[in-house]
Each structure stands twice: as structure tokens, then as C-alpha cells.
Amino acid sequence: MLLDDIKRGDIVLAAKGITKRFPGVIANESIDFEIKAGEVHAILGENGAGKTTLMNILFGLYQPEEGELYVGGESVKFRSPLDAIDLGIGMVHQHRKLVPAHSVIENIILGHPRAGVILNLKRAEEEILELSSKYGFKIDLRAKVWQISEGEKQLVEILKALYRGAKVLILDEPTSALTPIETEVLLESITTMSNQDLAIVPFITHKLPIVLAISDRVTVLRRGKVVSRMKTAEATEKSLAREMVGRDVIFRVERKKVERGQPILEVENLSALSDKDVTAVDGVSFTIHEGEIFGIAGISGNGQRELVEVIAGLRKEQGGKVILEGQDITQASSLERWQAGIGYIPADRIDVGSIEDFSLVENIMMNYYFDEDFSKRGVLDYKKARELTNEIIDEFGVATPGPETTAKSLSGGNLQKVILGRVFSRKPKLVIADLPTQGLDVGATEFVRNKLIEAKQEKACVILISEDLDEILSMSDWVAPLYEGKIMGILPGEQAKREDVGAMMAGLKLKGEGS
């Protein structure tokens, strides 16, 4: 292998003059990039900046029209990812490529040439345990993948690449689905791997503090071009954001005071089951008034998704009431709730928030097909639908060739803008925003937060679900930590302290809290 004799500090992988075009767009233009053994070299950029295309070229999924790749100083051509893997390039995708019903060890050796016709699980287990010990990984190799956490699944993907001999590890948005504790574990693992002379290339659109914490160098892409290269020690969060977006970015949204209006939403002793028929929402009660943002903080899996789905009419309650402007809507359908003024921004913008093969017009009409201004006797007024879609594209700054573009062709940030435009164009009285900035770049995150603040100023009320504690604390008028389906207390936003909210997220109920 070309990387067998590589020493710390040697260039292991280099791209020179890489250009890749797709119909109507230059995804990568004359990009130069290199990574050294024992180095963490982060690639930053907004959604749509060209990071994913470059990553796919480095791993052999795409072939460039122009430019060269070098491994260990020798020119190479990747016809497929198998060529990249054979030369010591490994990649961990943002969306897991694991088989849930199989064990951890089975997933790691699946498709590996050394597995042979007859599996030798004992030998494989010894080899993988040795790898785990070398890099400080702790995981039950016999557990089924569906039984382990997102952080452990990330380690499985990394072990799978290392077991195949990876000396260069490409990580696509490595912390996007991890809890804060899981993130800390992964960052420690990355540091350990780089200290063992592995070359690590994280591709990141957000979470700039993580870049500053783990990387040695940073390359920033914007609109398919390299706009900046720097040592991380010389960078700040603000300077990185400025390079990514091309302007200064405001990270902390000012909590603007809005006069408290009438109650909009009242939730009384609400309970609901999870998809596994266990209690996920357990006797939750709260009230939100006009012009308020009600922030629900919690680690993933503590009932947030089930709670907002019940309020939105997408999940059956087991007990309790949902009252909108004094009217009991507990038994109302999701359509009746939309018509009554509830707007829902789901956490999963791809599988729940949109239909990927539908055009932007069709996706926006999912919130208008029942409106007589757009549909008469079941026939859509396509001219009006197209006009509204163009208005949303303009107002929300959606980067797209036009309204006929399919949802799957948009970046995550632009797809989220379409969903926001669809919701806010109906002037909802209640906005349910479930993880609205998750996975977005810094510019799109700033945009989404500002739109939520605008809705508050227009006297709507907002339920904000977020796993980003800074986001909750900076935006919310009321903070409600959720633990195992129960609200542990409701704190005024101005008085909520990080340590108190963190303790309540872990199950500690403080004295004296209330709304």
C-alpha cells in the first residue's frame, strides 16, 4: 500500500486543481487540498459550498473533470470507493450505512475481503478488540446495532473503516446527530487517532467551536472555491463564520421583549406513547401566550418528538387536552389544526418535511391544497401556486434554479427555507419548530432564528425544540427542560442558568421554578 511507510507530518492525500461540474453549476473549481499524517484538517463551508462533492471525489464516488489526486505522493485515479479503500482512504457518512438487525461485529466485517466464505468471528473479534484498545474505543461488539446509541453507531462506522486499513479518515458532519456527552467522547477519539498518526478530514457546516477544539488546519469553501486556508490557532469562531458566509454572522440572537398577549396554547396533563408503545409523554402541562417563545430543552429521546407530534395532530394522545385559543382541539385532525393556525416545522426535513421527488411548487402546496384560493373542486390553480412559490423563494432567499426544481436537489439549508416559507406564509398563530437549525450552516442558522423572532414579534407563539442549549437560552422567554417525558420545571428565560437547565435535563427537579 502507498501509505505503509508514511511518517507523521508526511502528506498522505492531496487534491490539486480539482474541478467538478454538474448541469448548470460548477460544484468544485480548481480546488487544492492536502492532509498530513497525524493531522486534523477541517473543511468548512455553507450547505452547497462544494464540500460534499469534494469529499465524494476524495473517496472515489465521483471522478473530477479536471485535476489530480495523490496518495503518498503518487498520482492515483479512483474508479470507485473500492479503489480508495484499497489505498487506505476511509469515509464515515453522515447517514449511517449500518444494518440494524446485525451485531456490531457483523457490521464491521460485512463485505470485508478477509471475512472469506466462512466467517471467523473469533479472529475478527480479536482484531477489532485490538483496534478498539489502540484508539480507546469502548463498545459491545455483540450488541445489535438497533440497541446502541448514535454515538456508538458512529464508533462502529469508524471501526469499520479502520478495520479495512484506513490511514485517512473522512468524517461527514461527525457530530450532527450526537448528544453533548457523545460529542465529547468522539472528539477525544479523534484526538487519540490523530496522535496515532492517522489523518482526519472532518467536513463541517456548523458547530464551529468543535472545529476550533480539534483541528490543526482549516480550509474554507464558498461557492465551489477555496476562499481561505489557515492554521486553526490563528482563527476564531467569528472569523471562520465570516469566511464561510462572506459577511459577519450574529451568533447570539437578542431576546426582544414583546408584550405578553392572550393565551394561545394550553396543554393540560398530556400523555402519549412512543412507537414502541411505552410512555414517552408523561403528564405534561404548560401554557404559551402571544409573543412568547417556549423553549423545550432535552437530550434526544426524552419525549420531545412525541410531544410536538401530539400537539400537531400527528400522534394520538393517551390522556390530557390540547387547547388552542380556548377551543379543545385534542380530537382534531392535523388538517383541522393547520386550518386553525398551527404551523409545524418537523425535525426531519427530508422524510417528514418534504417529498424529495416533488417540485418546490408541489411541496409548498402541501400546506395549501385544501385552501379554496388555490384549489377548486380538487383542481389546483397552478398559476397561483407558482406565484406563491416564487414569492417564498425570493423572500426566504432559496438558492434554486426555479420553482420546478425537486426538493431532493436542494441543500439542507435551502430545503429548510422552503419549509419555513411554507409554514410562515400562512401566518400561523402557533409555530412548532422541532430542531429547526439542526445540521444547518451558520448563515442558515442565523436566518432561521431571525424568522422565529419575527414570528414572535408578530404576536405568534413558538414552541422551540432544540438540543443546542445556547440556542434555547438565548431565544426562549420560558425554558422547560424535559426528562423522560416529564417537564422538570419552567424557568423564565432571562433567569435560566446553564447549570440549572443542564441539571434538570438530567432529571433533577429544582425548587421554586414555575411560570
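When the residues of the range 317-352 are filtered to those that are in contact with a strand residue (DSSP E or B) (Cβ under 7 Å, 6 or more places away or on another chain) and assigned to a loop (DSSP other than H, G, I, E, B), which remaining residue is farthest from residue 289 (Cα to Cα)? Break it down into steps so the answer makes sense when it comes.
Within the range 317-352, the subset in contact with a strand residue (DSSP E or B) (Cβ under 7 Å, 6 or more places away or on another chain) is 317-325, 328-330, 340-347.
Among the residues that remain, those that are also assigned to a loop (DSSP other than H, G, I, E, B) are: 325, 329-330, 341, 346-347.
Numbers: 325: 10, 329: 17, 330: 19, 341: 14, 346: 22, 347: 23 Å.
Checking each candidate, the answer is 347.
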Query - Count of residues meeting criterion [part of a loop (DSSP other than H, G, I, E, B), in contact with a Phe, Trp or Tyr (Cβ under 8 Å, 6 or more places away or on another chain) and over 23 Å from residue 446 (Cα atoms)] in the range 465-498 - result: 1
Query raised in the report: Is at least one residue of the range 52-59 surrounded by fewer than 22 Cβ atoms within 10 Å (Cβ to Cβ) and over 16 Å from residue 169 (Cα atoms)?
Result: no
Query - Test: residue 173 is modelled with pLDDT under 80 and in contact with an Asp or Glu (Cβ under 7 Å, 6 or more places away or on another chain) - result: no
Query raised in the report: Which residue, of 241, 233, is in the same structural domain as residue 17 (by TED's automatic domain parsing), of a type in the set (A, V, I, L, M, F, W, C) and more than 25 Å from the chain's Cα centre (by Cα)?
Result: 233
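If you take the residues of the range 386-406 that are outside any helix (DSSP H, G or I) and of a type in the set (Val, Ile, Thr), which of them is nearest to residue 419 (Cα to Cα)? Show your work before the answer.
Keep residues of the range 386-406 that are outside any helix (DSSP H, G or I), which gives 396-406.
Imposing the further condition that a residue be of a type in the set (Val, Ile, Thr) reduces the set to 398, 400, 405-406.
Details: 398: 11, 400: 14, 405: 14, 406: 13 Å.
If we take residues in the range 386-406 being outside any helix (DSSP H, G or I) and of a type in the set (Val, Ile, Thr), then 398 is nearest to residue 419 (Cα to Cα).
Yes or no, residue by residue, for (1) closer than 26 Å to residue 281 by Cβ; (2) over 22 Å from the mean Cα position of the chain (by Cα); (3) surrounded by fewer than 24 Cβ atoms within 10 Å (Cβ to Cβ):
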position	(1), (2), (3)
417	no, no, no
437	yes, no, yes
482	yes, no, yes
486	yes, yes, yes
Report summary line: Log entry, pairs with first residue in the range 50-71 being closer than 17 Å to residue 90 by Cα and free of Cβ contacts under 8 Å to residues at least 60 places away in the same chain, second being β-branched (Val, Ile, Thr) and assigned to a helix (DSSP H, G or I), beta carbons closer than 7 Å, six or more apart or on different chains, reads 62/53
Requested in this report: May I ask you to list pairs of residues, at least six apart or on different chains, whose Cβ atoms are under 7 Å apart, with the first in the range 352-379 being farther than 19 Å from residue 337 by Cβ and touching a residue at least 12 places away in the same chain (Cβ under 8 Å) and the second being assigned to a strand (DSSP E or B) and among the hydroxyl-bearing types (Ser, Thr, Tyr)?
Outcome: 356/406; 357/406; 358/406; 359/406
Report summary line: Going through (1) over 23 Å from residue 272 (Cα atoms); (2) at pLDDT 85 or above; (3) under 22 Å from the mean Cα position of the chain (by Cα) one by one, residue 468 fails only at (2)
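The values are calculated or read from the model by the stated rules, or taken from the named source; none is laboratory data. Fair warning: this is a prediction, and the values are worked out from it, not measured in the lab. A quick note on method: Cβ atoms are made from the backbone with ideal geometry, for glycine too, and the neighbour counts reach across all protein chains shown.
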